[in-house]
Amino acid sequence: MSADAALPFQAVFRQNDAEAARGKYLARLFGIFSETLVDLWCRDARSPYENLGRPTVHHDGKRHTLDFLFRDRRTGRIHVVEQKCEIEYQGYRYLTLTEPRQLDHHRKPAFAAFLAAARGERLQVTLKGTAQPVDGAILIWGAVDAGGRASTKAETGLDDIVALADVIADLQAWRPEAYVALIEQRRKWAGELFDFLDRRR
């Protein structure tokens, strides 16, 4: 994955701070299918991780469904995964992960369960109702700089922090059939909507 992939990713959404409406619109549109991109990335044998599905984590007496369960293709280790891709929120404050404190505003119980797994707490995890041993946790963030990755991993115990910008760069380079089909489909759907809105009666 390219370390420079974050810059073009950022520029797509933040070309002009005066155009706040543009950033909000593109961020909401992208958010509809951004998790699908990660799943397509994991389906490719060149990805370091395989997606096993959506796990349920039992923490503080409650059940929480997380975004993914990854298996490392090299080591076989299993990780619970949460994806946080906040692009325009609070003036792009969370677009790029630069420090651990950016995680502090995620206060929902599901994220607390995720961080507990990162710290190595022994939690009950199930996948489709079957108990699943877990070795750690992985965070997916929009863009990540090197310092932010290192400091956040050190403070939280996360095994890896994956930049969605790098996931997209890989998909752009690999061009798997399902990825190309997804982009063509979503472009077609959007075109059909705007063609309808522009219709003259």
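The values are calculated or read from the model by the stated rules, or taken from the named source; none is laboratory data. As the structure is a prediction and not an experimental result, all values here were calculated from the model. With ideal geometry, Cβ positions are generated from the backbone for all residues, glycine too; neighbour counts draw on all protein chains shown. Just the protein is used for accessible areas: all its heavy atoms, side chains included, with ligands, DNA and RNA removed. Shrake-Rupley method; radii C 1.70, N 1.55, O 1.52, S 1.80 Å.
For the reader, a short list of remarks on this structure follows.
- Residue list for the range 148-201, filter: of a type in the set (D, E, K, R) and either under 29 Å from Gly136 (Cβ atoms) or in contact (Cβ under 8 Å) with a residue 40 or more places away in the chain (or both): Arg149, Lys153, Glu155, Asp159, Asp160, Asp166, Asp170, Arg186
- Of everything listed in (1) aliphatic (A, V, I, L, M); (2) in contact with a helix residue (DSSP H, G or I) (Cβ under 9 Å, 6 or more places away or on another chain); (3) over 17 Å from Arg119 (Cα atoms), the single unmet condition for Ala45 is (2).
- Residue in the range 161-178 that is farther than 19 Å from Glu50 by Cα and either touching an Asp or Glu at 6+ places or on another chain (Cβ under 9 Å) or modelled with pLDDT under 95 (or both) present: no
- Considering Thr152, Thr126, the condition of being polar (S, T, N, Q), outside any loop (DSSP other than H, G, I, E, B) and surrounded by 18 or more Cβ atoms within 10 Å (Cβ to Cβ) is satisfied by Thr152 alone.
- Conditions (1) in contact with a strand residue (DSSP E or B) (Cβ under 8 Å, 6 or more places away or on another chain); (2) over 30 Å from Glu19 (Cα atoms); (3) of a type in the set (A, V, I, L, M); (4) in contact (Cβ under 8 Å) with a residue 60 or more places away in the chain; number of the one not met by Val38: (2)
- Strands (runs of 3 or more DSSP E) fully within the range 39-122 that include at least 2 residues being within 23 Å of Gln172 (Cα to Cα): 49-51, 68-72, 78-84.
- Verdict on Arg63 being free of Cβ contacts under 8 Å to residues at least 24 places away in the same chain and of a type outside the set (Phe, Trp, Tyr): yes
- If you go through the range 129-149 and keep only what is more than 20 Å from Arg74 (Cβ to Cβ) and part of a helix (DSSP H, G or I), you end up with Ala146, Gly147, Gly148.
- Comparison of Ala131, Ala117 shows that the only residue that is more than 30 Å from Ala11 (Cα to Cα), modelled with pLDDT of 95 or more and open to solvent by 30 Å² or more (accessible area, probe 1.4 Å) is Ala131.
- For the range 135-148, filtering for residues that are of a type outside the set (Gly, Ala, Ser) and surrounded by fewer than 20 Cβ atoms within 10 Å (Cβ to Cβ) leaves 2.
- Number of the condition not met by Leu66 [criteria: (1) open to solvent by 40 Å² or more (accessible area, probe 1.4 Å); (2) touching a Pro at 6+ places or on another chain (Cβ under 8 Å)]: (1)
- Pick from the range 21-61, criterion charged (D, E, K, R) and at pLDDT below 95, ranking: least open to solvent (accessible area, probe 1.4 Å): Arg22
- Within the range 155-175, the set of residues being open to solvent by less than 30 Å² (accessible area, probe 1.4 Å), assigned to a helix (DSSP H, G or I) and under 16 Å from Arg119 (Cα atoms) comprises Thr156 only.
- Flag for Tyr94 being within 22 Å of Glu155 (Cβ to Cβ), out of contact with any strand residue (DSSP E or B) (no Cβ under 7 Å at 6 or more places or on another chain) and open to solvent by less than 40 Å² (accessible area, probe 1.4 Å): yes
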